[in-house]
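Comments concern the structure below.
The values are calculated or read from the model by the stated rules, or taken from the named source; none is laboratory data. This structure is a prediction, so every number in the text was calculated from the model and none was measured. Positions of Cβ are backbone-derived with ideal geometry, glycine not excepted, and every protein chain shown enters the neighbour counts. For the accessible areas, the whole protein counts, side chains as well, though only heavy atoms, and no ligand, DNA or RNA atoms are used. Shrake-Rupley method; radii C 1.70, N 1.55, O 1.52, S 1.80 Å.
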Amino acid sequence: MIFTVRPHKRIIRSHGQIIFLSAGLLLSSLLSGQTYFFDNYGPEQGLESSIVYAVLQSKDDYIWLGTDAGAARFDGINFINYTTEDALAPKGVRTIFEDNSGNIWFGHIGGALTRYNGKKFEPLFITDTLPDLDITSFIHDKDGSLWISTHGDGVYRIENPNERKARIKYT
């Protein structure tokens, strides 16, 4: 009887590849896996309403939220809710914008505008000029005018947004 001795190189090579692949899979799963943590805020945490239309982080690091009940300011721990008692329009806040002067503008459902100057809310009595439509966004141009977009009636421009009697132009 003749015995032939086969080299075990092929078996060793296969085991080495399996170990290498296993280690690679293990390391890749450890390195590429990230865990994200989310916090959920609603009425249980002090937010007036869970229907939120707009979010803004102001220059002083507050988070402002526009809701169907008004506006809320969040400092990372507590909410302060603002409503019609604080001079906001009766319908909810659809959009929020901070201008170059630090004023925070609130565009309301139904076309009303409110400006917050850091101390108090000031309704702008120009709603007879603006249609009864939702204000959807704001932007400031280089000339200092405030542009307002609406849902269904185009764009309006306020030439002197920091004055009490603002001039609005339909464009």
Sort out which residues of region 89-103 are open to solvent by less than 50 Å² (accessible area, probe 1.4 Å) and either outside any loop (DSSP other than H, G, I, E, B) or among the small types (Gly, Ala, Ser) (or both), and write them in order of number.
ALA89, GLY92, VAL93, THR95, ILE96, PHE97, GLU98, GLY102
Go over the candidates LYS165, LYS169 one by one and state the one that is open to solvent by 70 Å² or more (accessible area, probe 1.4 Å), in a strand (DSSP E or B), out of contact with any Leu (no Cβ under 8 Å at 6 or more places or on another chain) and at pLDDT below 85.
LYS169
Quick test of your reading of the structure: LEU133 fulfils all but one of (1) part of a strand (DSSP E or B); (2) among the aliphatic types (A, V, I, L, M); (3) modelled with pLDDT under 90. Name the failing condition by number.
(1)
Answer yes or no: is there a residue in region 31-53 that is among the acidic types (Asp, Glu) and at pLDDT below 90.
yes
The lone condition ILE77 fails out of (1) in contact with a strand residue (DSSP E or B) (Cβ under 8 Å, 6 or more places away or on another chain); (2) β-branched (Val, Ile, Thr); (3) surrounded by fewer than 18 Cβ atoms within 10 Å (Cβ to Cβ) is (1)
From the list ASP39, ASP86, ASP61, pick out the single residue that is open to solvent by 20 Å² or more (accessible area, probe 1.4 Å) and at positive phi.
ASP61
